[in-house]
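Some notes on the structure that comes next.
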Amino acid sequence: MKKYRILGTILLSFILEGEQHDSLLDPTEGCWLEFDGSTIWYRQSDGQRFESITTPNAIDVFLRDKKIEEMNEEPN
């Protein structure tokens, strides 16, 4: 699974309590994205993991726009 550091504000959508919520996410220490090729996950250093319903091609758009970068090291 690839991991990405968030460099700029991105928009991800989630289903929470049965409803869609769109969230603007800013770069936050200890938070990153994970991507398995089909699902984008928002991860926090405290172990929480949130599955996004955002289309997977958003990763390519975020990379192109320099909103994220691939992480080579393990997140803190």
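We did not get these values from a lab; they are worked out from the coordinates using the rules stated. Not measured: the values here are computed from a predicted model. Positions of Cβ are generated from backbone atoms using ideal geometry, with glycine treated the same way; all protein chains shown enter the neighbour counts.
What the table shows:
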item: In nm, spacing of pseudo-spin labels at Met1 and Val61 (7 Å Cα→C-beta vector); result: 2.3 nm
item: Answer label, with Rg/Rh (Cα atoms, Kirkwood Rh) calculated from the coordinates and candidates (i) 1.46; (ii) 0.93; (iii) 1.09; result: (ii)
item: Inter-probe distance in nm under a simple model that places probes 7 Å from Cα toward Cβ, at Thr28 and Ser45; result: 1.3 nm
item: 3J(HN,Hα) from dihedral phi, region 12-24, Karplus parametrisation 6.51/-1.76/1.60, rounded to Hz, x for glycine, proline; result: 10, 10, 9, 9, 10, 6, x, 10, 6, 10, 9, 10, 7
item: Karplus (6.51, -1.76, 1.60) ³J(HN,Hα), θ = phi - 60°, over region 26-40, in Hz, Gly and Pro reported as x; result: 9, x, 9, 4, x, 10, 7, 9, 10, 9, 9, x, 9, 10, 9
item: Distant-in-sequence amide H partners of Ile40 (H built 1.01 Å from N, under 5 Å); result: Ser52
item: Estimated dipole of region 7-76 in Debye, rounded to 20 [Cβ of Lys and Arg +1, of Asp and Glu -1, Cα centre]; result: 180 debye
item: Leading residue at positive end of dipole, region 2-70 (Cβ point charges), from His21, Gly47, Leu63; result: Leu63
item: Distant-in-sequence amide H partners of Met71 (H built 1.01 Å from N, under 5 Å); result: Lys3, Tyr4, Arg5
item: For region 2-70: relative contact order, % (alpha-carbon pairs under 8 angstrom, 6 or more apart); result: 37 percent
